[in-house]
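The values are calculated or read from the model by the stated rules, or taken from the named source; none is laboratory data. Not measured: the values here are computed from a predicted model. We place every Cβ from the backbone using ideal geometry, glycine too, and count neighbours over all the protein chains shown. For the accessible areas, the whole protein counts, side chains as well, though only heavy atoms, and no ligand, DNA or RNA atoms are used. Shrake-Rupley method; radii C 1.70, N 1.55, O 1.52, S 1.80 Å.
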Amino acid sequence: SCNDGFVNADSAIISSDGGSFRFVVTDFLSGSMDCEITEADTEGYASDSCTFTDVVGGEYTCALVNDAEPGTFSVTKTWDIMGAGQSEVDQDVILVIDCDSDISNPDPLPCDLDTPDSTQCVWTLDWDGLGLGDSVTASVDVDTTEGDASCTAYEMGVDSSEVESVDTCEDAMVVEAAGSNGCEITNTVFFEGIPTLSQ
């Protein structure tokens, strides 16, 4: 868009693979025209623009580069304990998120970035110290600049002989630019009453 002159075409479509387009502006007052090149439909990618002021005759080049915004991957971990005896169950677990792309860990639940290339986050969850009730959600931001990422999650330290687990995190899940995905791990413990006899 320009504040003066006549533009031969005020818009162009460039494929996701990149490309170029030439705009020609005529019939403008030299040194008084301002022009701006913007882009639309860049959901998931940082939008860019170029501005030219006091344009005179000649050629001007505008380079637009779109970097993918990070996606989010989250895991919700829940303890479901029925009946009395909650204190008898060790609810402390190690929760791991593993991705095929670099990740960063936002607040409020910090993790240990456990590998040199920062593709894995590890939480040692002490349920007594969390103060977050029966559920906690761990999240990471995932780098998607090279394309869609893939993440999975799992837990360690749960006694499978006493706990029934429902896990939707077993299969890898796709994380798109600026998108979000996630899964849940629920551990259920049932306590049965002890029958008593009397005369």
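Of note:
- Length gained on full extension, ASP92 to ASP128: 12.1 nm, using 0.36 nm per residue less the C-alpha separation.
- Calculated [θ] (222 nm, deg cm²/dmol) that DSSP helices of n ≥ 4 give over the chain, each run adding -39,500 (n - 2.57): -500 deg cm²/dmol
- Think of a 1.4 Å ball rolled over the protein heavy atoms: the chain then has 64 Å² of accessible area per residue.
- Listed values (1) 17.2, 56; (2) 32.7, 108; (3) 27.5, 109, entry calculated as Rg and Dmax of the Cα atoms in Å: (3)
- Across the accessible surface of the range 20-91, with the other protein chains kept in place and a 1.4 Å probe, carbon and sulfur atoms take up 46 percent.
- Furthest towards positive pole of dipole, ASN187, ALA46, PHE6, structure part the chain, Cβ charges: PHE6
- The Cα center of the range 1-31 and the Cα center of the range 131-167 differ in position by 49 Å.
- Cut-off of 10 Å, at most 15 other beta carbons, DSSP loop: longest stretch of the chain lacking such chymotrypsin sites (Phe, Trp or Tyr not before Pro): 61-190
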